[in-house]
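**Q** The structure that follows is given in the form of structure tokens.
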């Protein structure tokens with residue numbers, strides 16, 4: 001399989017995996033708090049990565065460890081908790097759509113911090129994308145008055161972290177293998193996650209004996225195996241064989257999968273929200289135009 005074929009294969013598979021992540025987070029929150037869900041997800045992922053690739057840590061140089069740590073914290077650790085907290089108030093389908101802001105912020109971050117060229121068309125793309133996100137949040141708040149849609153801003157903040165991560169991997173860690181980067185990321189995140197897990201009350205009897213403990217843990221295990229471990233390595237590889245902007249274009253397809261699962265789970269989704277989502281994707285298209293190579 002050529003690199004061109006491989007990058008499209010990774011893109012489609014990642015879309016399916018990550019598009020399903022939001023409904024898994026929603027189900028996991030039935031038995032866990034956001035802190036518990038985020039911490040157990042990181043801890044379990046770290047254990048898996050240590051087992052399959054612990055020896056690769058020796059490949060990380062002293063100067064690279066700084067970027068590996070930053071990549072792990074802002075590209076995985078913090079977003080895991082942000083999405084968990086956000087989905088205590090907003091629908092999983094909305095979270096999946098807002099995740100489409102990643103390419104917009106990737107190009108902004110690339111321009112501001114990594115010397116990426118910023119064209120006029122991309123400026124319009126950013127405007128359309130952010131306008132669509134604002135409309136999506138406002139419409140969602142109107143049709144779901146019982147939900148606090150300010151929490152949607154946590155998803156927006158997470159996408160900024162993803163954008164930084166994509167640029168860091170492409171520019172600072174391109175000599176490391178995808179598995180090495182992932183193992184390094186989670187070696188940095190492991191101890192903080194353990195501390196959060198201990199103080200989150202996860203090991204209390206009322207949590208372990210709760211009605212949703214087993215099912216929630218099952219959803220988290222699926223999320224860890226596919227959405228974190230497998231997808232993390234695939235995403236790092238996708239960045240290395242394509243470009244930072246192409247790699248985060250996975251967010252074109254994620255909303256389709258996320259909306260499908262949301263509707264199947266009884267979430268509300270109206271035509272106005274579809275138009276707002278289209279505006280976001282239009283912005284992403286303008287940003288990526290002539291760059292998907």
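The values are calculated or read from the model by the stated rules, or taken from the named source; none is laboratory data. Only a predicted model underlies this, so the values are computations on that prediction, with no experimental measurement involved. FYI the Cβ positions are ideal-geometry reconstructions off the backbone, even for glycines, and counts take in every protein chain you see.
**Q** Being within 18 Å of the chain's Cα centre (by Cα) and closer than 23 Å to residue 276 by Cα narrows it down to one of 163, 182, so name that one.
**A** So the residue among 163, 182 that is within 18 Å of the chain's Cα centre (by Cα) and closer than 23 Å to residue 276 by Cα is 163.
**Q** Any chance segment 40-53 includes a residue that's outside any helix (DSSP H, G or I) and either over 26 Å from residue 256 (Cα atoms) or out of contact with any strand residue (DSSP E or B) (no Cβ under 9 Å at 6 or more places or on another chain) (or both)?
**A** no
**Q** Here's something else I'd like to know. What is the residue count in segment 31-54 for residues that are without any contact (Cβ under 8 Å) to a residue 60 or more places away in the chain and surrounded by 18 or more Cβ atoms within 10 Å (Cβ to Cβ)?
**A** Qualifying residue count for the region: 1.
**Q** Quick one: would you say residue 69 is within 22 Å of the chain's Cα centre (by Cα), under 29 Å from residue 191 (Cα atoms), buried (at least 21 other Cβ atoms within 10 Å of the Cβ) and at pLDDT 90 or above?
**A** No; evaluated as a whole, the condition is false for this residue.
**Q** Residue 57 - would you say it is touching a helix residue (DSSP H, G or I) at 6+ places or on another chain (Cβ under 9 Å), surrounded by fewer than 23 Cβ atoms within 10 Å (Cβ to Cβ) and in a helix (DSSP H, G or I)?
**A** yes
**Q** Still on this structure, please answer the following. Can you give me the number of residues within segment 1-30 that are over 19 Å from the mean Cα position of the chain (by Cα), more than 25 Å from residue 216 (Cβ to Cβ) and touching a residue at least 60 places away in the same chain (Cβ under 8 Å)?
**A** Residues meeting the conditions: 2.
**Q** May I ask you to list the residues in segment 206-219 that are surrounded by 13 or more Cβ atoms within 10 Å (Cβ to Cβ) and within 15 Å of residue 33 (Cβ to Cβ)?
**A** Result: 207, 210, 212, 213, 216, 217, 219.
**Q** Report every pair of residues separated by at least 6 positions or lying on different chains whose Cβ atoms are under 6 Å apart, first residue within segment 212-235 and without any contact (Cβ under 8 Å) to a residue 60 or more places away in the chain and on the phi < 0 side of the Ramachandran plot, second surrounded by 16 or more Cβ atoms within 10 Å (Cβ to Cβ) and part of a helix (DSSP H, G or I).
**A** Every condition considered, the pairs that remain are 233/178; 233/179; 233/182.
Table: residues versus (1) buried (at least 24 other Cβ atoms within 10 Å of the Cβ); (2) modelled with pLDDT of 85 or more.
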position	(1), (2)
186	yes, yes
196	no, yes
201	no, yes
204	no, yes
221	no, yes
235	yes, no
251	yes, no
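**Q** Does segment 8-18 include one or more residues that are more than 26 Å from residue 240 (Cα to Cα) and in a helix (DSSP H, G or I)?
**A** no
**Q** Here is a follow-up. For segment 166-182, enumerate the residues that are surrounded by 21 or more Cβ atoms within 10 Å (Cβ to Cβ) and part of a loop (DSSP other than H, G, I, E, B).
**A** Hits for segment 166-182 are 173, 176.
**Q** Related question: Condition test on residue 265, is it over 17 Å from the mean Cα position of the chain (by Cα) and farther than 30 Å from residue 139 by Cβ?
**A** no
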